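Since the structure comes first, as structure tokens, the remarks are kept for the end.
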Amino acid sequence: MSLRDAVDPASLDWDKGDGLLPAIVQDAVDGSVLMLGYMNREALARTLAEGRVTFFSRSRQQLWQKGETSGNVLELVAVSADCDRDTLRVQARPSGPTCHLGTRTCFAGDSETRRAPGFLGELEDVIRGRLDDAPEGSYVASLAARGRQRMAQKIGEEGVETALALSAGDAEALLDESADLLFHLMVALLSEGLSLHEVIARLEARHRD
């Protein structure tokens, strides 16, 4: 069974909301909440069938597909229901700003900076904090203070050590050196105002092309 078929429309509590269910849309990569819409049975069926998120407009009393005029569609990844079966979580890949105001999310004050998924997002927050606050004794802050060339040198060193571990067939060393390489790459990206999420998005775009 595919992710799109994971939710059974017949099992949902359509009566509670007079035939409508709130649908919380999340970015499938970093889990951030992009918008809230509503779906009736037909909107959910169309979403599952076409792979692009479709809602029911309560004001216009008709179906509307996100991005049908702006081009900023939401490509469906998965749909699931909450424990009461009366709310949907829609995981999707946005092709542009989700909000009609031109921002990434409809929720005011939400950061425009996307986090990497899971622990990597937490680690990014820690590194970003070290770069911003430059606390005494911070390795990240001292490395960044030494400039691009030193950061580039560290990435090169860690890359070579990773390659040597692979060449030697040393699995433990390969894991350790890969972790060091990824860490230093994250420091460099964040110091340049970039993020690991943008690297992931670039890989996704290449995969889809």
Restricting attention to the stretch 105-123, does a residue exist that is surrounded by 14 or more Cβ atoms within 10 Å (Cβ to Cβ), more than 14 Å from the chain's Cα centre (by Cα) and not hydrophobic (A, V, I, L, M, F, W, C)? no
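Give the residues of the stretch 156-209 that are of a type in the set (Val, Ile, Thr) and surrounded by 15 or more Cβ atoms within 10 Å (Cβ to Cβ), sorted by residue number. Break it down into steps so the answer makes sense when it comes.
As a first pass, look at the stretch 156-209 and keep what is of a type in the set (Val, Ile, Thr): 160, 162, 187, 199-200.
Those that are of a type in the set (Val, Ile, Thr) and surrounded by 15 or more Cβ atoms within 10 Å (Cβ to Cβ): 162, 187, 200.
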Would a scan of the stretch 21-28 turn up a residue that is out of contact with any strand residue (DSSP E or B) (no Cβ under 7 Å at 6 or more places or on another chain), at pLDDT 85 or above, within 23 Å of residue 204 (Cβ to Cβ) and outside the structural domain of residue 186 (by TED's automatic domain parsing)?
no
Item to complete: Would you check if residue 101 is surrounded by 18 or more Cβ atoms within 10 Å (Cβ to Cβ) and either free of Cβ contacts under 8 Å to residues at least 60 places away in the same chain or under 22 Å from the mean Cα position of the chain (by Cα) (or both)?
Response: no
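Between 93, 52, 41, which is among the basic types (Lys, Arg) and under 16 Å from residue 14 (Cβ atoms)? Let's see the steps before the verdict.
Details: 93 fails: under 16 Å from residue 14 (Cβ atoms); 52 fails: under 16 Å from residue 14 (Cβ atoms).
Just one listed residue meets the conditions, 41.
Take the conditions charged (D, E, K, R), part of a loop (DSSP other than H, G, I, E, B), out of contact with any helix residue (DSSP H, G or I) (no Cβ under 6 Å at 6 or more places or on another chain) and within 30 Å of residue 189 (Cβ to Cβ) and apply them to residue 104. Does it pass?
Values: charged (D, E, K, R): yes; part of a loop (DSSP other than H, G, I, E, B): yes; out of contact with any helix residue (DSSP H, G or I) (no Cβ under 6 Å at 6 or more places or on another chain): yes; within 30 Å of residue 189 (Cβ to Cβ): yes.
For residue 104, the condition - charged (D, E, K, R), part of a loop (DSSP other than H, G, I, E, B), out of contact with any helix residue (DSSP H, G or I) (no Cβ under 6 Å at 6 or more places or on another chain) and within 30 Å of residue 189 (Cβ to Cβ) - is met.
Only residues that are of a type in the set (Gly, Ala, Ser) and at positive phi: list them for the stretch 24-79, please.
Step one: list which residues in the stretch 24-79 are of a type in the set (Gly, Ala, Ser), which gives 28, 31-32, 37, 43, 45, 49, 51, 57, 59, 67, 70-71, 78.
31, 51, 67, 71, listed by residue number.
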Within the stretch 44-93, of all residues that are among the small types (Gly, Ala, Ser) and in a loop (DSSP other than H, G, I, E, B), the one surrounded by the fewest Cβ atoms within 10 Å (Cβ to Cβ) is 59
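The values are calculated or read from the model by the stated rules, or taken from the named source; none is laboratory data. This is a predicted model, so every value here is computed, not measured. Positions of Cβ are generated from backbone atoms using ideal geometry, with glycine treated the same way; all protein chains shown enter the neighbour counts.
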